[in-house]
Each structure stands twice: as structure tokens, then as C-alpha cells.
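The values are calculated or read from the model by the stated rules, or taken from the named source; none is laboratory data. Treat the numbers as computed from the prediction; the structure is a model and nothing was measured. Positions of Cβ are backbone-derived with ideal geometry, glycine not excepted, and every protein chain shown enters the neighbour counts. These accessible areas exclude ligands, DNA and RNA; they are computed on the full protein's heavy atoms, side chains included. Shrake-Rupley method; radii C 1.70, N 1.55, O 1.52, S 1.80 Å.
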Amino acid sequence: MSALLEREQLRQRSDYTYKFNSRTGRHGWLRLTPAYSLKIVEELIVGHEQAKRIFDPFCGTGTTVLSAAYHGHEGVTTDINPFLVWLAQAKTAHYSPKQLSATREACASALDLVRKQSVEPVPAPPIHNIERWWSSKSLDFLRLLRSAIPAVSKEHSAERTLLLIAFCRTLIELSNAAFNHQSMSFKDDGQFDIGFDVDMAYVFTEDVRFVLSGASENPIGEGYVVLGDSRNPAEVVEGMFDLVVTSPPYANRMSYIRELRPYMYWLGFLINGRDAGELDWTAIGGTWGIATSRLTDWKRPTDYFKSTNLSAALDKIAQAGNKNGAVLANYVAKYFDDMWSHFLRLTPVLDRGAELHYIVGNSTFYGTLVSTELLYAEMLAALGFSEIECRAIRKRNSKKELVEFDVVARWKNG
């Protein structure tokens, strides 16, 4: 079957996106729109029962490491974002019935403090145009609740962690944010106010109930989540791994910091916009805030991956007729330079015969198709990987050229 025919027959499978995760136990605790599907991960892990140690160098919300632990494997994952590390650690932790009961009691105590206004509300987080996010009534409730949670729980306790996860769910449910697109947006003006008849305490109580339901199902394996840069995994994890299942950022200018900023500001992982931009600049594929302006003067390192296919795509994107073409060409170049650094330094933690699965989509810039999957394949081949395949999984949207792939490879046996 020709590649063109295969692409035409692909479907936009919602079960292969974040939508499949939304009500699946701990996997559904918090929503990150760009997250890849639990269904894909489950199929890969179930198909590799012999795998002893599974690695995900791009943690995200912890889908791979949690799935590995639930299936009795040892899963290890890293991320450069401290909020995502915190979330994945919470998702992979083991919780006792006593801790779950204590969390229910703490929930009731926190809401009692809110009703009586017996705590000083925390300052509103410095989110730009915060009034666009929450009505004044919602904001007042969230500020009181955010103050009440530490008042009824100990620092670093399971109770506080679980209540904060529920708080994150509630702050999104009470917001004007909409998640019916690939990227977070805001509801139409006609839907802008959630209304004054919403029982906010009930919303939080239900979110605590949902979180505790997932927390009651402890994984039989172990999941380890560490803060670290995927461009040098050996610095923070010890090998060897025989299976890698991951979904790195796509070369599509999607900013994870932008998507996560409400959680990160409310929980104190971000203090101001400059910090957000700095963190996004350190991440692969980040372009938010200061990260965009820095691309203008960015220069490729001397040891970048030499690819005629990539060079041709960069030249087309950078054409003078394309508005911001030079900056976008730098963005694409930096993305692949970072991924080349990742692949270069991945091999020291791979066992002989280790199998890799990278779920990634291609991209277009000014009509120029950037075949991310083929460029990954080029890099892997240059490093000595074998059995390399680019397996099409699904159409990403109505544009027939945008497809998600599973890039498969095997590390050398000798």
C-alpha cells in the first residue's frame, strides 16, 4: 500500500489523544491538552511484557511511567518542568486507606474555613488579565481555598498533595478557559461567566472525590520521577533500560508553560512572566515570552546534525516572502538540534536490544512540510540504531498532511 493511500485512510482517532485519558483514574487527574493517549501507551506496554525497565525521557503528565507501574514494571521518567515532576510523583505514589480518610477530613475542614472566612486569602496570582480567567466570585473562593489547604494539612503530606491536585481541577472548572481545541483558549463572550449559582464548595468536593478514587488504586510496580534535562538523561537516571516509550514536544510552537500556567502560578511554581519565559526557553520546542525574542539572535552550534532534508526545509521556511520566516526557521533548527542532543546522550542508558517508541507528529510552516518522523529516523540511523520504522497512527486534524507517527527503533545488540 502506498504511503499516500495509507495517509488517506488514517482517521482522526479521539481514543488516540488526551480525550481518552480524561476519566481514567489517576491518568485523568489533570488535563494537559497536548498529552498523548493512554491507549497508545497501554498498547505498547502490554505488547512488551518482558520489558524490565521502561524509560520516558519526556515525562509530561506521567502517562508512561504510571502505566508501566500499573502493569508491574519499573518505570522511570524525567522532565525539566518542576510542576510536571511534582504531578507525576503524586500520580505514581502509593496511598494508604488512612491517608485517603485523612484527606476527606481535611477537605471538610478546609471548606469549613472557607465558609467562615477564617483564613486570610492568598494574593491573586500574577496571571496577565486574570479577570478574563475567573469571575470575581470564583477568584475570591479560590484564594480562600488555596489558603485553607495548607492550614489543614502538613507540608509534603499525602493529604496536601491530593487536595492540591483537586484544587487544580477546580480552578480550571471554575474558569472561563475552554479546552475544545489543541491549545487552551477562552470561551465565547456568551459563555464567559460561569454564573453565580454554581456551588463552588460542591465542585471542589467532587474533585476531591474523583482524585481519591484514583488514589485508592495503587500500582503494583514502581514509578520513579526525577527532575532533569532530556538532553542529558544519564546525568539524573541510571541505566539500563530495555524499552523507551515517550512523546517529545512536537515542532509546532506549542508552549507547555502557556498551557500549564494557571496550575503553576496558583501552586507557586511560577512567580512572574519572565520566569515563565525562561523556563520555556530551556524546554525543547518552547517559544513563549522571552523564548521567542531570543530566537532572533540564536545561532546553531557547531556540532548540529547535518541533514540535507532539514536544510532544505529551513531554507524554504526562511524565505524573505514569509513573515517571521527567519525566526521560525531558527525555531525549527533549534528544535532538531535539541532532539539531536537528546538522542546522542540517550544511548548510555540503553540496554542491548532496547526498543524505542517515539510518538510524534509532523508540522507545516508556510506550506513547507517538516517531516519530523523522517528526521528522527535519520538521526537514529546515524547513531547506529536498526529496525527503524515510521508507523502512521492517526490524522492530527483536517489537514491530510498532518499525521502522528510512532517512530520505532532498536539499539544495537553488540
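Looking at A234, is it surrounded by 19 or more Cβ atoms within 10 Å (Cβ to Cβ) and touching a helix residue (DSSP H, G or I) at 6+ places or on another chain (Cβ under 7 Å)? Walk me through it before giving the result.
Working: surrounded by 19 or more Cβ atoms within 10 Å (Cβ to Cβ): no; touching a helix residue (DSSP H, G or I) at 6+ places or on another chain (Cβ under 7 Å): yes.
Here the answer is no, as A234 does not meet what is asked.
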- Task: Could you please tell me which pairs satisfy a Cβ distance under 6 Å, a separation of 6+ or placement on different chains, a first residue in region 322-341 that is farther than 12 Å from D303 by Cα, and a second residue that is β-branched (V, I, T) and part of a helix (DSSP H, G or I)?
- Result: G325/I317; L328/I317; A329/I317
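With the structure loaded, tell me whether E155 is surrounded by fewer than 18 Cβ atoms within 10 Å (Cβ to Cβ) and at pLDDT 90 or above or whether it fails that test. Before the answer, list the steps.
On the way: surrounded by fewer than 18 Cβ atoms within 10 Å (Cβ to Cβ): yes; at pLDDT 90 or above: yes.
Judged against the criteria, E155 is a match.
Tell me the strands (runs of 3 or more DSSP E) entirely within region 313-414 that contain at least 3 residues that are open to solvent by 20 Å² or more (accessible area, probe 1.4 Å). Even if it seems obvious, please write down each step before you answer.
Details: elements: 350-361, 363-365, 368-370, 386-395, 403-410.
Here the list reads 350-361, 386-395.
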- Restricting attention to helices (runs of 4 or more DSSP H) lying wholly within region 81-163, give those where 1 or more residues are free of Cβ contacts under 8 Å to residues at least 60 places away in the same chain. 97-116, 130-133, 136-151
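Condition (residue is under 14 Å from the mean Cα position of the chain (by Cα), of a type in the set (V, I, T) and closer than 30 Å to W134 by Cβ) applied to region 269-276: is it met by at least one residue? Even if it seems obvious, please write down each step before you answer.
Taking region 269-276 and keeping what is under 14 Å from the mean Cα position of the chain (by Cα), we get none.
Within region 269-276, none of the residues are under 14 Å from the mean Cα position of the chain (by Cα), of a type in the set (V, I, T) and closer than 30 Å to W134 by Cβ.
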- Counting only residues that are touching a residue at least 40 places away in the same chain (Cβ under 8 Å), of a type in the set (D, E) and within 23 Å of R410 (Cα to Cα), region 230-270 contains a total of 2
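Which one of D280, D275 is crowded, with 21+ Cβ neighbours inside 10 Å and at pLDDT below 95? Explain how you work it out, then say what you get.
Numbers: D275 fails: crowded, with 21+ Cβ neighbours inside 10 Å.
On inspection, the qualifying residue turns out to be D280.
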